[in-house]
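See structure below.
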Amino acid sequence: MKIIYEDRELMVVYKEAGLAAETRRPLEKDLESILKVYLAERDGKVPELYLIHRIDQVVDGLVLFARTKKAAASLTAQLTDGSMEKIYLARVGGRIPAEKGELTDWLLKDAKTNTSRIVPPGTRGAKRACLSYERAGEDLLLIRLKTGRHHQIRVQLAGAGMPIKGDVKYGGEAAGRISGKGICLTAAELSFKHPGTGNEIRVKVPEITG
């Protein structure tokens, strides 16, 4: 865990691959509980903390927390209406078909296997998923999410013939980032309006801060 940005109303924390953002498993550590313990020990009181969005356990990158109910309501509203920008970096296999593009699919989640798959439009229970991408290197894509669906980036890139490296669940080659705990996908950048001041906040993972 590494705190990237902090003030009285919110925190942005870098999560390593292999650590869950939150979990209901009683014996498994997660980012939320680790952060609560850290803040309690540092500040000498039980912290008020609200997880705003999640990233997959096998994904590393930025996770946003609110520190008050009012801030949580504002940030959640931005997440819901799409005004919060989330940018990811992914290393992919296969052939990248264009320097930039947009993918729109209908995804159906299978809770039993914890996977999602692309299905025909109108399939019962399916949800529309949309993202845009642009090439940022030989095998590197910069991805902007326009919706937030279960395993969305992983499923859509695989469906377009560009599986994420290390993501064997969705057809990627077995070459994870951290001893098999992670895949080559990073939640690299967040942009949103500060719930108190209204100013734009843009936060990047340390590797791409410049």
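The values are calculated or read from the model by the stated rules, or taken from the named source; none is laboratory data. All of these numbers come straight from a predicted model, not from anything done at the bench. So basically every Cβ, Gly included, is an ideal-geometry build from the backbone, and we count neighbours across all protein chains shown. Ligands, DNA and RNA are excluded from the accessible area calculation, which covers all protein heavy atoms including side chains. Shrake-Rupley method; radii C 1.70, N 1.55, O 1.52, S 1.80 Å.
A few remarks follow.
- Stretched out straight at 0.36 nm per residue, the stretch from L140 to E48 would grow longer than its current Cα-Cα span by 29.4 nm.
- Tensor-based shape of the stretch 98-206 (alpha-carbon gyration tensor, a/c under 1.5 rounded, otherwise prolate or oblate): oblate
- For the stretch 68-76, backbone phi angles converted through the Karplus equation (6.51, -1.76, 1.60; θ = phi - 60°) give residue-by-residue couplings of 9, 5, 5, 5, 4, 5, 5, 5, 5 Hz, Gly and Pro being listed as x.
- Nonlocal amide H pairs with K146, under 5 Å, H built at 1.01 Å: C130, L131, S132
- Relative contact order of the stretch 1-132: 18 percent, from C-alpha pairs under 8 Å at least 6 residues apart in sequence.
- Count of lysine pairs in the stretch 1-76 with Cα separation under 19 Å (8 or more residues apart, or interchain): 9
- Per-residue 3J(HN,Hα) values for the stretch 93-101, derived from phi via the Karplus relation 6.51 cos²θ - 1.76 cosθ + 1.60 with θ = phi - 60°, read x, x, 10, 7, x, 7, 5, 8, x Hz in sequence order (x marks Gly and Pro).
- Carbon plus sulfur fraction of accessible area for the stretch 1-70, probe 1.4 Å, in percent: 49 percent
- Estimated FRET transfer efficiency (R124, I34; beta-carbon r; R0 35 Å; 0.05): 0.35
- Virtual spin-label span in nm between K70 and E99, 7 Å along Cα→Cβ: 4.7 nm
- Taking trypsin sites (Lys or Arg not before Pro) in DSSP loop states with no more than 13 other Cβ atoms inside 10 Å as exposed sites, the chain has its longest site-free stretch at 125-210.
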